[in-house]
Structures are given as structure tokens and as C-alpha cells.
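Read-outs: derived from the displayed coordinates by stated rules, not from any lab. Small disclaimer: the values here were computed from a predicted structure and weren't measured. For neighbour counting, all protein chains shown are included, and Cβ atoms are generated from backbone atoms with ideal geometry for every residue, glycine included.
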């Protein structure tokens, strides 16, 4: 087994194999104990008060985790206790039970106190009580709202929204907006027209300009839109493809991180570095 310890931050990682990418950061009070492989991609962050137990855990690049994650629960010693999280995901103080495999795609957001379960039982099945063991699949581009529960065997298709405090109990047949207990289809997500996209990104730019003075960023002469290209200083990115080029600095980091809150997911080789508010 491979081991890593940091007594100052109370970090303990023990796994058959440990793979840590470039510029990965860990908070304090982090405990990771696996029978198999622990892998975390470039520019990812695991925050404070994290416990990860299971078999194999694979985390992609650019993960953002605030604090309070717990992975494990009953069945964590099983060889099927495997968790895979894709690139550019955001998680919080979630509980993820990995008795059976869990596959989370790219660009997925788990809101505060979301829980994922892969097994459920208590009283004897010989007395007629239920017991269930099954993995969970969450497609790319999914957002799961506050305090929602994803039950064993659930499959959520890509680019789906799960409303707050919903319970997903089965395979959702098509992408869209779901809510309730159990979660039911509410409506489709309709793509914007070209003119609507122009209006939306223009609104975001103006919103940022109104706030930039409080962040010590000068946007008066160097923030331009030639849709789908958005240029700030010498840094240009495509809001449709998320491709980017040019020089980056703390100002462009701040703008990149700001528009990311609107789901325009621009990621570069620089980490999360938004500038603090400036107080006179």
C-alpha cells in the first residue's frame, strides 16, 4: 500500500496506488483509505473535513469541492465500491454511499447535502421487507438541487436538472427538468436562439462590469464580444466550444471564474483565483 501523511493539515491518504495530478490542493482534516486506487486529476481541489472510503476512487480534472464530503457507508469494503467523478465537477458536503459502482459524468454539480445511495435494507427480506443493491449513473452536465436523494439503480441522463429536495428512484427516460418525491418530469429545457444567446451573454458582461469596480478590475476598454468569441485584455475564449487562447492574469482569472457561475464553463491551466472585493 502507498501512504501519504501531512500532520500539519491532518491529511492521511492510504491506497494500493495513489495518483495525484498537477496543482491539486487538499484542505485540512482529509482522510482517504482505499483498498484499490485513488486518482485525482490536474487542478482539482478537495476541501476541509473530507472522508473517502471504498475500493477505487477516480476523480477527474478541475474538481471543486468546498468542504464536508463523506464517501463510504455500508458496503465500502466491497470490490464493487467504486466511484468515478468526471472532469470539471462541483461537489459540496455530500454523502455518497459506494456499496455498488457510481459513475458521475463531466460538468456535474451536486448541491449542498445531496446524497447518493447504492444499497438499502434493514429488516429481513424473509419477512417481506425490501432490500436493494444497485449502482448509480449520473450523466454529464447534470445539476442536482439542494438536499436531493439519488437512490440505488437511478440513472439520470445528461443535461438534466433535478429540483431541490427531490428523490430520484429509477431511470429517467429523457433529459429535462425533474422535481418531487419521487422525481417527475416537469418540462424540457429549450435551447436559446442566436439572438437570445447574444442578449444573455451581453447581460452577463454588463453585470460583471457593474461589479468589477468593487473587485479592483478595470473593464472599461478591454472587454469585447464578437459572438461566440469573448475577449478580455489579451485572453479570448469561445463561449460555445469553451476553447481559449492568449495571455492570462489575475484579472482574466476573475472574469473567467465569474462567468463560470452562469454555467459557461471555461477552464484553463490556472486554478480558482477570483480576486477579493476591494473595500475603500
task: Calculate, in nm to one decimal, what residue 177 and residue 132 gain on full extension: separation in residues at 0.36 nm each, minus their alpha carbon distance.
output: 13.6 nm
Over the range 2-187, relative contact order from alpha-carbon pairs under 8 Å, at least 6 apart, %: 11
task: Subtracting the Cα-Cα distance from 0.36 nm times the residue separation, let me have the gained length for residue 211 to residue 186 in nm, one decimal.
output: 5.5 nm
task: Sort 52, 13, 138 so that the residue with the fewest other Cβ atoms within 10 Å of its own Cβ comes first and the one with the most comes last.
output: 13, 52, 138
field: Crossing angle, helix 194-212 versus the chain [Cα axis fit, 0-90 degrees, rounded to tens]
entry: 80
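Counting every Cα pair in the range 194-260, what percent are over 13 Å apart? Intermediate results must be reported in sequence, preceding the final value.
On the way: 1377 of 2211 pairs.
That tail contains 62 percent of the Cα-Cα pairs.
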query: Build a GNM of the chain with springs between Cα atoms under 10 Å: which of 104, 198, 59 gets the top mean-square fluctuation?
result: 198
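Can you sort 37, 114, 161 from fewest to most other Cβ atoms within 10 Å of each residue's own Cβ? All intermediate terms of the calculation are to be shown ahead of the outcome.
Numbers: 37 16, 114 23, 161 20.
Arranged by neighbour count, lowest to highest, 37, 114, 161 become 37, 161, 114.
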message: Output the 0 to 90 degree angle, nearest 10, between the alpha-carbon long axis of helix 250-260 and the longest principal axis computed from the alpha carbons of the chain.
response: 60
message: Can you sort 252, 231 from fewest to most other Cβ atoms within 10 Å of each residue's own Cβ?
response: 231, 252
task: Kindly provide the pair-distance distribution of the range 2-187 built from C-alpha pairs, with 5 Å bins from 0 and whole-percent values in order of increasing distance.
output: 2, 8, 16, 21, 20, 14, 9, 5, 2, 1, 0
task: For the chain, set up a Gaussian network in which alpha carbons nearer than 10 Å are linked by springs, and say which option among 267, 208, 121 fluctuates the most.
output: 121
